[in-house]
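What follows is a short report on a single structure.
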Amino acid sequence: MTLQDTQNSAGLSPDANWWRQAAVYQIYPRSFADANGDGLGDLPGITSKVPYLKELGIDAVWLSPFYPSALADGGYDVDNYRDVDPRLGTLEDFDRMAAALHAAGIRVIVDIVPNHSSDRHEWFKAALAAPKGSAERERYIFRDGLGQDGELPPADWESLFGGPGWTAVGDGQCYLHLFAKEQPDFNWSNEEVRADFRKTLRFWSDRGVDGFRVDVAHALTKDIPLTELPDKAQLDAHPWDGTHPIWDRDEVHEVYAEWREVFNEYEPPRIAVAEAWTNADRRPAYARATGLGQAFNFDLLQADFDAEAFKKIISFNLAQASAAGSSTTWVYSNHDVVRHATRYGLEATGDPDAAKTWLLQGADPARVDVELGLRRARAATLLELALPGSAYLYQGEELGLPEVTGIPDEQRQDPAFFRNKAVEVGRDGCRVPLPWETSGSSFGFGSGEAHLPQPKDFGRYAVAAQSGVEGSTLELYREALKLRRELQSDESLSWLATESGTLGFSRPNGWVSFTNFTAQAQQLPAGEVLLASGPLDAAGQLPAATTVWLRQR
Ligand code: NOJ
């Protein structure tokens, strides 16, 4: 039986619109579960946790990259797009994992990294071995360097992780890397590059993959002159209106129109979601049905815990996605940002920008009100899971995990830290392996030491500590996801008239979500209480920073 067959015969509905209101759980494979005890999570580890994922009640998983990689950027430096990192397993392990997920009714989304490969990719090695002007170099972005021997970058551009964006190769040329120097950017004007990615999309789709999360979707096509490149100041000043030399150029959508043809070769069509940190008004182009079909909005992720801010963001994104014929996405946490249970504990400092700056600047544990952060995170999640659209959940948020702070410098892995120490503490704190058990080596993550250090008190967040425990964050997620499935129908939402600092909306069938964003108890609306993000008080009030789901007739 092929995977395509298992997909058809398994517990998956054939509904082509399954993605529109899906709860998608992001797995960062190297930190999820380690089956072979080498300290790195792996694909057999994921397979062993399928019963957990099924019980959680999600509709799909999205796997961050599991491809062969030197881990210069946590796997977003891909050596080979059509294979599995041997430390994480084999293609057969992938097939077994996908079959087990499908049998449990869970779809599989994989990460595709088309902006850059790793410097160990066979094409980049060939490019280095080949001379200037060769077909091999044409697959990447090489330009003549400045200085007597071309040893200086052709422009003063910076990589997004800090440091120069061009690296010299020693023969008078330099190559572009928007990220780490181990991540050379592809040349998307090159038909070989385009054809190879279509091959990769088919490779995974043929193996039964249901969809793709597209990394840095807004950077693929570029317009970089051969000589006299614009300088950094000119780049920074250039509007993002479709004509920027790097970001969000109009012709990137020609690539996605080609991909859409590939997606539509399958039944149901494969889905895709764009990671495009671009201007809000340019997101619909990624989300339309002739393109990738859905685009992340990271608006709630960047917002403070504030009723007005939430309402504005939700209204805007629902209207925008629906105008594009898509459904929107909600996300508070992922492998790139400080976990929201911690972010929401920051505002207590009185610094209104704290939550935002923290995305970039890392953690100062002394500034976090842990209890408040978790309380708000739970309230925010319950609100999110009542919204129309897809909810993207990040592994560990169902345990209420905080950001791990205080990782010793020598144990850090994120290139953002090494390239830009002065500014960023990096993203390792949200990538620490999950605690499954309350004690033992790596808290049940594996039989050995975890590849990033777990804090001593991690056991209190463990799955084993929360499973079956009334009121735990894990049980809240389980109940909410179960109810969401039962209650969800069409994508409509109506706002309720509420007092300032509170937010309420109703969905079809009398399903109401009501959130108190304030620091004081508020009047609880009428209706049958279905679920609350925290204990309700006896006087029928809704406590501070709490969401409740009600059924109103
Ligand atoms: C976005 C990914 O989410 C991030 O982890 C990665 O570092 C960059 N893209 C570069 O691939």
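Normalised by 2.2 N^0.38 Å, with N the number of residues, the alpha-carbon radius of gyration of segment 87-238 equals 1.23.
In loop segments of segment 468-553 as defined by DSSP, the GluC sites (Glu not before Pro) with at most 10 further C-beta atoms inside 10 Å of their C-beta are Glu470. Once the Cα-Cα distance is subtracted from the 0.36 nm per residue extended length, the Gln552 to Ala319 segment shows a gain of 81.4 nm.
The convex hull around the C-alpha trace of segment 210-254, projected and averaged over every direction, spans 4.0 square nanometres. As I understand it, the value is the acute angle between the Cα axis of helix 307-323 and the longest principal axis of the Cα atoms of the chain; what does it come to in degrees, rounded to 10? Here the helix axis deviates by roughly 60 degrees.
Where both residues lie in the chain, what percent of DSSP beta bridges are antiparallel, nearest 5? The antiparallel fraction comes to roughly 55 percent.
Computed from backbone phi with θ = phi - 60° and the Karplus coefficients 6.51, -1.76 and 1.60, the 3J(HN,Hα) list for segment 82-88 is 10, 8, 10, 4, x, 6, 9 Hz; x is used for glycine and proline.
Per residue, the convex hull spanned by the Cα atoms of segment 376-464 measures out at 130 cubic angstrom. For the chain, averaging the sequence separation of C-alpha pairs within contact (under 8 Å, six or more residues apart) and dividing by the residue count gives a relative contact order of 13 percent. Based on C-alpha pairs under 8 angstrom that are at least 6 apart in sequence, segment 401-553 has a relative contact order of 13 percent. Measuring how big segment 1-110 is from its alpha-carbon positions, Rg and Dmax come out at 13.8, 39 Å. Look at the alpha carbon pairs under 8 Å that are at least 6 residues apart: their mean separation over the length of segment 150-271 gives a relative contact order of 21 percent. Here the Karplus curve 6.51 cos²θ - 1.76 cosθ + 1.60, taken at θ = phi - 60°, turns the phi angles of segment 532-543 into couplings of 9, 6, x, x, 8, 8, 4, 7, x, 9, 9, x Hz, with x standing for Gly and Pro.
If the viscosity is 0.692 mPa s and the temperature 37 °C, what Stokes-Einstein diffusion coefficient in µm²/s follows for segment 439-551 when Rh is the Kirkwood radius over Cα pairs? Approximately 200 µm²/s, per Stokes-Einstein.
In this structure, the amide hydrogen of Arg107, modeled 1.01 Å from its nitrogen in the peptide plane, lies closer than 5 angstrom to those of Ala60, Val61, counting only residues at least 5 positions away or on a different chain. The HN-Hα couplings worked out from phi for segment 214-230 by the Karplus form 6.51 cos²θ - 1.76 cosθ + 1.60 (θ = phi - 60°) are 9, 6, 6, 4, 9, 10, 4, 8, 9, 10, 10, x, 6, 9, 6, 5, x Hz, whole numbers, x standing for Gly and Pro. Annotation: amide H of Gln294 within the under-5 Å range of Ala272, Ala274, sequence separation 5 or more or interchain, hydrogens built in the peptide plane. Loop-located trypsin sites (Lys or Arg not before Pro) in segment 121-178 (DSSP state other than H, G, I, E, B) with a sparse environment of at most 13 neighbouring Cβ atoms within 10 Å: Lys132. So for the chain, what percent of the C-alpha to C-alpha distances run longer than 35 Å? Percentage above 35 Å: 36.
The C-alpha atoms of the chain define a longest principal axis, and helix 473-487 lies at about 90 degrees to it.
Relative to the Cα centre, the charge distribution of the chain, modelled as +1 at Lys and Arg Cβ and -1 at Asp and Glu Cβ, gives a dipole magnitude of about 1320 debye.
Helix 91-103 axis versus longest C-alpha principal axis of the chain: approximately 30°, rounded to the nearest ten.
Modelled spin-label separation between Thr438 and Asp15, with each label point placed 7 Å from Cα along the Cα-to-Cβ direction: 3.9 nm. The spacing between segment 59-112 and segment 464-488, judged by their C-alpha centroids, is 27 Å.
Bin width 10 Å, alpha-carbon pairs only: give the P(r) of segment 202-350 as whole percents, running from 0 to the bin holding the largest distance. Histogram of Cα-Cα distances, whole percents per bin: 10, 32, 32, 20, 5, 0.
Here, each number is a calculation from the coordinates, and none is a lab measurement. What you see is a predicted model, and the numbers here were worked out from it, not measured in a lab. We place every Cβ from the backbone using ideal geometry, glycine too, and count neighbours over all the protein chains shown.
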